[in-house]
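Worksheet: one structure, shown below.
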Amino acid sequence: MPLQQGSARMRQRTVLLVGIVVLLAALVLAVVLASLLTHGRQEVSPKMLKWKDRGTTKNLQEVILGRCYNYITAQHPELGDKDCLKIWESLKDAFIYKNPCNITPEDYQPLMELASHPIPCNKSLFWSKTGDLVHRYTKSNQNFLTLEDTLLGYMADRISWCGDPSAPGINYESCPKRSECESNPGSVFWKMASKMFAEAACGVVQVMLNGSVEAGAFRSSSIFGSIEIFNLDPDKVSEVHIWLMQDIGGPQSESCSGHSIQRLISILEERNFKIICEDNYRPVQLLQCVHNPDHTDCRLCTNST
Amino acid sequence: KWKGEGTTRNLESIVIGRCYDYIRTVNPAVGEKNCSQIWEAFKNAFINKDPCRILPEDYELFINLTFHTIPPNKSLFWENNQLLVNSFADRGRRYMSLGDTLFGFIGDFLNWCGQADSPGLDYESCPTTMECENNAVESFWRMASITYAQHSSGVVHVLLNGSAHGGAYPQPGFFADYEIPNLQKDKISQIAIWVVDDIEGPDIDSCGTHTVKTLETRLETLGYDVTCTDNHK
């Protein structure tokens, strides 16, 4: 009897051993096959496209969400009904997994609708080639709003984003420059946002231009010159005030009587706007004077006043 | 319950967002920071705690995680003139005020306090400093001011409001109580005081008079080289 039990146990053990060996072999085979297949897939799938401008800002989602909540909670509580999560999702959907040279205004339509808000009359402040100065001005004088002081502009200012057809759908390495393709996510965004900002303006609007730029204070190729002035609504906007600012101690390339300004004035008058142009609008000039206190233009009392 | 405004809604998203905004767009020179960790450290200073028992030291980990050096000659202290300071400092490019540092940037214009019960934050109301001194926001700014002063060096600037009722140099005040005592004498070459009046405002205080004189004397007694300018252009 013990001999029979012994041989049965041995057979059991052998079966067990063979079973384990077969399982191990199958496992090894599976691992080898899997690595071969994925390796093959990696060689076949396209890598991300390479562009000349900086890539998507890292932590884009956190920055956008934080800015959105910051804007509606801490700065503009009257916009409390805005859904920041939805706004972020609509921005992401506009460009993720898409070829960054194929972006259309329709891609941004949901975002524009979710994030737009009315602008009080007489407060719209447009600008061209005066980015630093105009934003220092609106930061210290909350009576005026540039596009970058609206929710849309505030969220998008100084950051970049673009997608790519391959995973993860966002390109953090590089994004297309305008010279590489015009229908890129950034350019399309700013064109649409600028158009809507102009359409929303009412009453008296202001524009800050740079009288120290060689190429002229007003240029038809700028967003202001190509999009904003043509989207001001003559039924809502009554007057356009131009503030022509020259750098303190800088070149006085152009003033209100200059060529490009005359061209701007004629374009606007043709659309039935009343125009007033002021050289070196004093409240803004005082801000420039903070950094040039000893210049003659920054004397407290001037003979001309 | 308390007399002050409650905790700002979406505080977590705002704090984390501001943290990334700062390191990615405002001042990338500070390098990588772990913003989730920073939020945790900030929150743990006051969440689920008695809102009247928060001390500056409770923010020590937060300060350690958000710390970065302040460039010499760029420190700008101020009292009663925040808008002017912002346009003068030019977002940290010309001067770096406390609000232009990462730790100051995160907390600016926000409000917060904890409570013992869930969810641990009180969104309805928070104690004012009159109700209790050791509240979350007051202790935050004390800690931030102390740190900012300790790491300032070179020529240090102080912007005071000559039109402020009660004087340009308020006592008690953050500058008087938390910043001056924490300035490092061996790192500071000069203290330049600017007294600026509001446009068309009253000229209540100026260099050499009233509270400004008190400040000048105090700093000189401490051994600092002090200059003072009125309505610095």
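Here is how the numbers come out for the structure above:
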{"item": "Number of the exception - A:SER183 against (1) open to solvent by 10 Å² or more (accessible area, probe 1.4 Å); (2) under 23 Å from A:SER255 (Cβ atoms); (3) not charged (D, E, K, R)", "result": "(2)"}
{"item": "Residues (touching a residue at least 60 places away in the same chain (Cβ under 8 Å) and within 13 Å of chain B (Cβ to nearest Cβ)) located in segment A:276-300", "result": "A:PRO283, A:VAL284, A:LEU287, A:GLN288"}
{"item": "Test result for A:LYS177, more than 14 Å from every other protein chain (Cβ to nearest Cβ), surrounded by fewer than 23 Cβ atoms within 10 Å (Cβ to Cβ) and closer than 30 Å to A:VAL240 by Cβ", "result": "no"}
{"item": "Any hit, segment B:120-135, residues being part of a helix (DSSP H, G or I), open to solvent by less than 30 Å² (accessible area, probe 1.4 Å), away from chain A (no Cβ under 14 Å) and over 18 Å from B:ILE70 (Cβ atoms)", "result": "no"}
{"item": "Among the candidates B:PRO181, B:PRO172, residue that is assigned to a loop (DSSP other than H, G, I, E, B), surrounded by fewer than 13 Cβ atoms within 10 Å (Cβ to Cβ) and not assigned by the TED database to the domain that holds B:ALA144", "result": "B:PRO172"}
{"item": "Looking only at segment A:131-158, and only at residues there that are within 12 Å of chain B (Cβ to nearest Cβ), at pLDDT 95 or above and in a loop (DSSP other than H, G, I, E, B), the one that is nearest to A:LYS50 (Cα to Cα)", "result": "A:ARG158"}
{"item": "So B:GLY92, is it assigned to a loop (DSSP other than H, G, I, E, B) and either within 14 Å of another protein chain (Cβ to nearest Cβ) or modelled with pLDDT under 90 (or both)", "result": "yes"}
{"item": "Residues satisfying the stated conditions in segment B:199-229, i.e. open to solvent by 70 Å² or more (accessible area, probe 1.4 Å) and within 27 Å of A:CYS289 (Cα to Cα)", "result": "B:ILE199, B:GLU200, B:ASP203"}
{"item": "Qualifying residue in segment A:159-177 (condition: part of a loop (DSSP other than H, G, I, E, B) and of a type in the set (A, V, I, L, M))", "result": "yes"}
{"item": "Options A:PHE273, A:PHE230, A:PHE218; residue that is crowded, with 20+ Cβ neighbours inside 10 Å and away from chain B (no Cβ under 14 Å)", "result": "A:PHE218"}
{"item": "Of all residues making up segment A:46-79, the number that are open to solvent by less than 80 Å² (accessible area, probe 1.4 Å) and acidic (Asp, Glu)", "result": "2"}
{"item": "Failed criterion for B:SER125 (all others in (1) touching a helix residue (DSSP H, G or I) at 6+ places or on another chain (Cβ under 9 Å); (2) not assigned by the TED database to the domain that holds B:ILE180 hold)", "result": "(1)"}
{"item": "Of the criteria (1) open to solvent by 30 Å² or more (accessible area, probe 1.4 Å); (2) at pLDDT 95 or above; (3) outside any loop (DSSP other than H, G, I, E, B), which one A:LEU125 fails", "result": "(1)"}
{"item": "In segment B:30-42, residue farthest from the other protein chains (Cβ to nearest Cβ) [restricted to those that are free of Cβ contacts under 8 Å to residues at least 24 places away in the same chain and open to solvent by 40 Å² or more (accessible area, probe 1.4 Å)]", "result": "B:GLU40"}
{"item": "Some residue of segment A:241-263 being open to solvent by 20 Å² or more (accessible area, probe 1.4 Å), free of Cβ contacts under 8 Å to residues at least 60 places away in the same chain, within 30 Å of B:ASP230 (Cα to Cα) and part of a helix (DSSP H, G or I)", "result": "no"}
{"item": "Residue that is touching a helix residue (DSSP H, G or I) at 6+ places or on another chain (Cβ under 8 Å) and more than 20 Å from B:MET96 (Cα to Cα), where the choices are B:ALA168, B:ALA144, B:ALA164, B:ALA136", "result": "B:ALA168"}
{"item": "Qualifying residue in segment A:98-113 (condition: open to solvent by 50 Å² or more (accessible area, probe 1.4 Å) and within 14 Å of chain B (Cβ to nearest Cβ))", "result": "no"}
{"item": "Count of residues meeting criterion [exposed (fewer than 15 other Cβ atoms within 10 Å of the Cβ) and in a loop (DSSP other than H, G, I, E, B)] in segment B:10-29", "result": "0"}
{"item": "Failed item, numbered, when B:PHE46 is tested on (1) modelled with pLDDT of 95 or more; (2) not assigned by the TED database to the domain that holds B:PHE103", "result": "(2)"}
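Yes or no, residue by residue, for (1) basic (Lys, Arg); (2) touching a residue at least 12 places away in the same chain (Cβ under 8 Å):
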| position | (1), (2) |
| --- | --- |
| B:THR8 | no, yes |
| B:GLU12 | no, yes |
| B:ARG24 | yes, no |
| B:LEU55 | no, yes |
| B:ILE70 | no, yes |
| B:LYS74 | yes, yes |
| B:GLY104 | no, yes |
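To keep it simple, each residue is scored yes or no on (1) over 18 Å from the mean Cα position of the chain (by Cα); (2) more than 27 Å from B:GLU124 (Cβ to Cβ); (3) more than 10 Å from every other protein chain (Cβ to nearest Cβ).
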| site | (1), (2), (3) |
| --- | --- |
| B:GLY6 | yes, no, yes |
| B:THR25 | yes, yes, no |
| B:ASN44 | yes, no, yes |
| B:PHE67 | no, yes, yes |
| B:TRP78 | no, yes, yes |
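The rows are residues; the columns are (1) touching a Ser or Thr at 6+ places or on another chain (Cβ under 8 Å); (2) on the phi > 0 side of the Ramachandran plot.
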residue: B:SER153; (1), (2): yes, no
residue: B:HIS165; (1), (2): no, no
residue: B:ALA176; (1), (2): no, no
residue: B:GLY223; (1), (2): no, yes
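The values are calculated or read from the model by the stated rules, or taken from the named source; none is laboratory data. Quick caveat: nothing in here was measured; it's all calculated off a predicted structure. Ideal geometry is used to build each Cβ from the backbone, glycine not excepted, and the neighbour counts take in all protein chains shown. Surface accessibility is based on the protein's heavy atoms, side chains included, excluding ligands, DNA and RNA. Shrake-Rupley method; radii C 1.70, N 1.55, O 1.52, S 1.80 Å.
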